[in-house]
Amino acid sequence: MNIYIWGTGRITGKVVGRYISLDKIKAFIDNDESKKEYMGKMVISPEKVVGEEYDAILVANLFRKPIYDQCVKLGICLDKVIFLYNNCTILDVNKDYSFIEYILGKEYANTIKNRYHLVRGVEAYGKPANLDRYLGGYQDTDYVRIECFQLAVKEIYKRKVNGAVAEVGVFRGEFAKYINRAFPDKKCYLFDTFEGFDMKEALEERKKGNCTDAFIEAYKQTDLAVVLECMPYLDNLIIKQGYFPQSLDGLEETFSFVSLDMDFEESIYEGLKYFYPRLEKGGYIFVHDYNSSLLGVEKAVDRYEEELGTVLCKMPLCDANGTLAIMKGSTEVLVS
């Protein structure tokens, strides 16, 4: 079977090695002409696919509409194009799910099909001023996470919760920019290597079956300069580059909001160990990927609760990657 995958980023990292093996991939497609190779395979432009023989093209990125339009313009047969992520839309452009089952199997075909449901907006009074106007394409692909974040921001300001804000696991700053924008009066700490995962931890997670080589490779595509370009309040930023928790470098601070997005068990566990005791009452920690294929994230939360001897005040969200919202209250439930 010869498959093209359109995309060389995070979505591809989630798919290759888990739902489709690397040896079935003929080449990767990308509009960025500077990319020549990915995961040992050739990267080609969409124009070079025209007239080629293949079984399917898997669109493994978050730009469904422009790629759909590009396929139409180039004359690429849409009957062989499978859009793995269709963003927030009522219409599913995938039509032939028997073909998708043939390419990807019934289980993953059902996963794709079930992504496309209408999500109502949140009619909430008092959401953060000007935040909506800042939101763009990312909100379309992770609507629930962003809307829940806005409501958490509202609560933090309503309760006058003190403390800085932070994200650990920034990657290219897509979520960090919302944090920086939503809290213009707070220090914003950004923790990341800005070079990819700690390879020792990544390889341990791969051995456990919690991630793939493609996933590890995808998260090397980060750069501090890219992050800084999308931040609206640069004066508020404090960059902590390096492996966490070593990058803390003796930092003592309290926090009102923290995003933990490190993907792996040990890092998430260390994040909870540091930030939860320093979280002000009424503050929130969002743990990304809690309900996802990154199984170490949930284990880290369970492990921390067991060590703490309490059940945290938490609520799983139904966003794209199963974020867990933890709120610091005045009381905690003892673990029996």
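Identify the single condition in (1) out of contact with any Asp or Glu (no Cβ under 6 Å at 6 or more places or on another chain); (2) over 24 Å from GLU174 (Cα atoms) that LYS299 does not satisfy, given that it satisfies every other one.
(1)
Given the conditions (1) in a strand (DSSP E or B); (2) surrounded by 14 or more Cβ atoms within 10 Å (Cβ to Cβ), report the number of the one that PRO184 does not fulfil.
Answer for PRO184: the failing condition is (1).
Could you look through the stretch 271-328, keep only residues that are open to solvent by 40 Å² or more (accessible area, probe 1.4 Å) and of a type in the set (A, V, I, L, M), and pick out the one that is nearest to GLY250 (Cα to Cα)?
That would be LEU308.
Pairs, please: C-beta under 8 Å, at least 6 apart or cross-chain, first residue part of a loop (DSSP other than H, G, I, E, B) and in the stretch 294-321, second polar (S, T, N, Q) and open to solvent by less than 10 Å² (accessible area, probe 1.4 Å)?
Partner pairs satisfying both residue conditions: LEU294/ASN210; LEU295/ASN210; LEU317/THR323.
Taking the stretch 45-57, which residues are out of contact with any Gly (no Cβ under 8 Å at 6 or more places or on another chain) and either closer than 23 Å to ASP263 by Cβ or open to solvent by 10 Å² or more (accessible area, probe 1.4 Å) (or both)?
SER45, GLU47, LYS48, GLY51, GLU52, GLU53, TYR54, ASP55 - these are the residues of the stretch 45-57 that are out of contact with any Gly (no Cβ under 8 Å at 6 or more places or on another chain) and either closer than 23 Å to ASP263 by Cβ or open to solvent by 10 Å² or more (accessible area, probe 1.4 Å) (or both).
If the Cβ limit is 7 Å and pairs must be 6+ apart or interchain, which residue in the stretch 47-59 that is farther than 13 Å from ILE25 by Cβ pairs with which residue that is part of a helix (DSSP H, G or I)?
GLU47/LEU74; VAL50/LEU74; VAL59/ILE67
In the list ASN61, ASN31, which residue meets the criterion of being within 28 Å of ASN321 (Cβ to Cβ), open to solvent by less than 50 Å² (accessible area, probe 1.4 Å), of a type outside the set (Lys, Arg) and assigned to a loop (DSSP other than H, G, I, E, B)? Lay out the reasoning, then the answer.
Details: ASN31 fails: open to solvent by less than 50 Å² (accessible area, probe 1.4 Å).
Selected residue: ASN61, the only one of ASN61, ASN31 that is within 28 Å of ASN321 (Cβ to Cβ), open to solvent by less than 50 Å² (accessible area, probe 1.4 Å), of a type outside the set (Lys, Arg) and assigned to a loop (DSSP other than H, G, I, E, B).
What number of residues within the stretch 219-253 satisfy the criterion of being polar (S, T, N, Q), part of a helix (DSSP H, G or I) and touching a residue at least 24 places away in the same chain (Cβ under 8 Å)? Walk me through how you get there before you give the answer.
Our first condition is that a residue be polar (S, T, N, Q); within the stretch 219-253, this holds for 221-222, 236, 241, 246-247.
So of that shortlist, the ones also part of a helix (DSSP H, G or I) come out as 236, 246-247.
Still in the running and touching a residue at least 24 places away in the same chain (Cβ under 8 Å): 236, 247.
The number of residues fulfilling the criteria is 2.
Across the stretch 16-28, which residue is surrounded by the fewest Cβ atoms within 10 Å (Cβ to Cβ) among those that are in contact (Cβ under 8 Å) with a residue 24 or more places away in the chain and not in a helix (DSSP H, G or I)? Reasoning before the result, please.
Residues of the stretch 16-28 that are in contact (Cβ under 8 Å) with a residue 24 or more places away in the chain, as a first pass: 16-20, 22, 26, 28.
Filter again for not in a helix (DSSP H, G or I), leaving 16-20, 26, 28.
Numbers: VAL16: 28, GLY17: 19, ARG18: 15, TYR19: 20, ILE20: 21, LYS26: 19, PHE28: 21.
Selected residue: ARG18.
Quick one: in the stretch 26-72, of everything that is of a type in the set (Gly, Ala, Ser) and modelled with pLDDT of 90 or more, which residue is farthest from ALA109 (Cα to Cα)? Before you say what the answer is, go through the steps one by one.
So in the stretch 26-72, the residues of a type in the set (Gly, Ala, Ser) come out as 27, 34, 40, 45, 51, 56, 60.
Keeping just the survivors that are modelled with pLDDT of 90 or more gives 27, 34, 40, 45, 56, 60.
Working: ALA27: 22, SER34: 32, GLY40: 27, SER45: 26, ALA56: 14, ALA60: 14 Å.
Among residues in the stretch 26-72 that are of a type in the set (Gly, Ala, Ser) and modelled with pLDDT of 90 or more, the one farthest from ALA109 (Cα to Cα) is SER34.
State whether the residues of the stretch 76-86 include one that is open to solvent by 30 Å² or more (accessible area, probe 1.4 Å), β-branched (Val, Ile, Thr) and either at pLDDT 90 or above or within 16 Å of TYR19 (Cα to Cα) (or both).
Initial filter on the stretch 76-86 (open to solvent by 30 Å² or more (accessible area, probe 1.4 Å)): 77-80, 85.
Those still in the list that are β-branched (Val, Ile, Thr) too: none.
No, the stretch 76-86 contains no residue that is open to solvent by 30 Å² or more (accessible area, probe 1.4 Å), β-branched (Val, Ile, Thr) and either at pLDDT 90 or above or within 16 Å of TYR19 (Cα to Cα) (or both).
Only one of MET1, MET42 is assigned to a strand (DSSP E or B), among the hydrophobic types (A, V, I, L, M, F, W, C) and surrounded by fewer than 18 Cβ atoms within 10 Å (Cβ to Cβ); which?
Unique residue meeting the criteria: MET42.
Given the conditions (1) open to solvent by 20 Å² or more (accessible area, probe 1.4 Å); (2) at pLDDT 95 or above; (3) under 17 Å from LEU260 (Cα atoms); (4) not aliphatic (A, V, I, L, M), and given that ASP198 satisfies all but one, which numbered condition is not satisfied?
Answer for ASP198: the failing condition is (2).
If I ask for residues that are of a type in the set (A, V, I, L, M, F, W, C) and out of contact with any Phe, Trp or Tyr (no Cβ under 9 Å at 6 or more places or on another chain), which ones from the stretch 29-59 would you list?
Step one: list which residues in the stretch 29-59 are of a type in the set (A, V, I, L, M, F, W, C), which gives 29, 39, 42-44, 49-50, 56-59.
VAL50 - this is the single residue of the stretch 29-59 that is of a type in the set (A, V, I, L, M, F, W, C) and out of contact with any Phe, Trp or Tyr (no Cβ under 9 Å at 6 or more places or on another chain).
If you go through the stretch 201-211, how many residues are open to solvent by 50 Å² or more (accessible area, probe 1.4 Å) and assigned to a loop (DSSP other than H, G, I, E, B)?
In the first step, residues of the stretch 201-211 are kept if they are open to solvent by 50 Å² or more (accessible area, probe 1.4 Å); the result is 203-204, 206-208.
From what is left, the residues that are assigned to a loop (DSSP other than H, G, I, E, B) are 208.
Final tally of qualifying residues: 1.
The values are calculated or read from the model by the stated rules, or taken from the named source; none is laboratory data. On a predicted model such as this, the values are computed, not experimentally measured, just so you know. Note that we place each Cβ from the backbone using ideal geometry, even for glycine, and neighbour counts take in every protein chain shown. To get the accessible areas, we keep the full protein, side chains included, count just its heavy atoms, and leave off ligands, DNA and RNA. Shrake-Rupley method; radii C 1.70, N 1.55, O 1.52, S 1.80 Å.
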